[in-house]
Every structure is written in C-alpha cells, then in structure tokens.
Amino acid sequence: MKKILLCTLVCFLLFSDNLFAQQNENVDQTGELTEIPTYKNLKKWAITFSLNGSANNSKQKAGWSITPQAGYLIADRLAVGLQLSVANRFSKEERSWMSLKSGGIKEYAFTPELYARYYVLPFRITPFVQLSSGYNLGKFTARDDFFDKTISVSTNNYVMFGAVGLSLRVGKSVGLQAQYNLPIVVDPETNEMIRGNRFRLGFSLYFR
C-alpha cells in the first residue's frame, strides 16, 4: 500500500512540475507577444527600411508616386537616412486635361532627399513626424499635334517637405503607416505634381 501511495505521490509531483513549467512558458511567451508589437524596442543603432506610395486616377489624368527609404536610428525612435521619390503623371482623354489628347502631357520626377523621422510614442500605435529635404529632377512634356511638335520643360529645383503620420506595429519587425505630406519649399508652378501626392500609405521594416 505504501508503495502505491509513494508511486502516486511521485507521479503527482512530476505532473505538477510539468504543468507549472508549461504555465511559466506560456506566461513568458505571452509577455513576449505583448511587447513585440510596440515601439519600445525601436532602439538606438537599429536600421529601418520603409516604402510608401500614392496613386490617383481621374477622367482627365492618372499618376503614381513611390518612395523607398533607408534609415539609421541615432536615438530611440529617431531615424535619419535617405529616401528616393519617383513620381509620374499623364493625361488620359482627348480634350480633357489642358485640351490635349491622351498621353499628350507627361510628367516625371525623381527626388533624392535626406530625411529625419521621429516616432512620438513607444506604444503599438504611434504618431510620427518627418522632415525631408533634397533636389527634384523633373521633366514636363507636352505634345502639340496641331503644330506637330513636342515641348519639354525641366523642373529641377530644391524642395523641402514636412509630414505627419500614424504607424501601427503589427509584428516584431513590421509596421504599417499612413502619412500626409506638407510642402514647405516647393515651386507651385513647376512642381505641382509632387505637391499633389500628399496622402500616402506604406510599411516599414526594422532590424537590430
């Protein structure tokens, strides 16, 4: 009888030890999962890659813009780096945009910039602010079928933008973002296209 009770007690202790170990493991995993989707671990010396873009389409014209970014955190939640914006726009229908035929007007812009972005809060969802500055290399082309000639105008000049946005951390290394660009130094006559690509959606990757 004593042997049976002893075996029962040993089995119970082994089972209890295993149960507590599983519970502790689950608690640790839960803690990790709780911390993963926040910006607390976006620390100094981390590297970040982002991609955002916008698109527009109307009866008169269509266009798109895309901006990849590569940054380095010089402080917690503060990234600085380089971004390259590419934008394109063209007319769609005859007698629509400036009364030219489809494809009669084409615009292209390539803008390398330095940027700084700060994530305001360390939580899962946080606002951010951004400042970027660089040089726009653009070209405006209009086809005049009446006189059978093409007119091209370069739109190269210095630009500066501010931006406000909201970022959602969805994993240890991934965040989704929406931002609104605010032109600070942009020529309204030659850079109307890049002024118009204000609302943007994208994502970011973080590595440490």
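Restricting to region 64-92, and then to whatever is more than 30 Å from residue 142 (Cβ to Cβ) and surrounded by fewer than 17 Cβ atoms within 10 Å (Cβ to Cβ), can you tell me which residue is nearest to the chain's Cα centre (by Cα)?
At the first step, the residues of region 64-92 found to be more than 30 Å from residue 142 (Cβ to Cβ) are 69-82.
With surrounded by fewer than 17 Cβ atoms within 10 Å (Cβ to Cβ) added as a condition, the list becomes 70, 72, 74-76, 78, 80, 82.
Numbers: 70: 11, 72: 15, 74: 19, 75: 19, 76: 18, 78: 15, 80: 14, 82: 13 Å.
Looking at the filtered set, the residue picked out is 70.
Any residue that is within 18 Å of the chain's Cα centre (by Cα), at pLDDT 85 or above and not in a strand (DSSP E or B) - is there at least one of those in region 112-121?
Initially, region 112-121 is screened for residues within 18 Å of the chain's Cα centre (by Cα), giving 112-121.
Now restrict to residues that are at pLDDT 85 or above: 112-121.
The next check asks that each one be not in a strand (DSSP E or B); those that pass are 120-121.
Yes, because at least one residue in region 112-121 is within 18 Å of the chain's Cα centre (by Cα), at pLDDT 85 or above and not in a strand (DSSP E or B).
In region 38-63, how many are closer than 17 Å to residue 203 by Cβ and surrounded by 14 or more Cβ atoms within 10 Å (Cβ to Cβ)? Steps first, answer last, please.
Filtering region 38-63 for residues closer than 17 Å to residue 203 by Cβ gives 38-39, 42, 46-55.
Now restrict to residues that are surrounded by 14 or more Cβ atoms within 10 Å (Cβ to Cβ): 38-39, 42, 46-54.
Number satisfying all stated conditions: 12.
Which of the residues belonging to region 176-189 are free of Cβ contacts under 8 Å to residues at least 60 places away in the same chain and within 13 Å of residue 203 (Cα to Cα)?
First, the residues of region 176-189 that are free of Cβ contacts under 8 Å to residues at least 60 places away in the same chain: 176, 178, 180-189.
Once the filter is applied, which keeps residues that are free of Cβ contacts under 8 Å to residues at least 60 places away in the same chain and within 13 Å of residue 203 (Cα to Cα), region 176-189 yields 176, 178.
One line per residue, one yes/no per condition, for (1) surrounded by fewer than 14 Cβ atoms within 10 Å (Cβ to Cβ); (2) hydrophobic (A, V, I, L, M, F, W, C); (3) out of contact with any helix residue (DSSP H, G or I) (no Cβ under 9 Å at 6 or more places or on another chain); (4) not assigned by TED's automatic domain parsing to the domain that holds residue 121:
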{"position": "134", "(1), (2), (3), (4)": "no, no, yes, no"}
{"position": "141", "(1), (2), (3), (4)": "no, no, yes, no"}
{"position": "155", "(1), (2), (3), (4)": "no, no, no, no"}
{"position": "158", "(1), (2), (3), (4)": "yes, no, yes, no"}
{"position": "161", "(1), (2), (3), (4)": "no, yes, no, no"}
{"position": "175", "(1), (2), (3), (4)": "no, no, yes, no"}
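From the list 79, 109, which residue is modelled with pLDDT under 95, under 28 Å from residue 178 (Cα atoms) and among the hydrophobic types (A, V, I, L, M, F, W, C)?
Values: 79 fails: modelled with pLDDT under 95.
Going through 79, 109 in turn, the sole match is 109.
The values are calculated or read from the model by the stated rules, or taken from the named source; none is laboratory data. Computed from a prediction, not measured in an experiment: that's the story for all the values here. Note: ideal-geometry Cβ built from the backbone for every residue, glycine included; neighbour counts use all protein chains shown.
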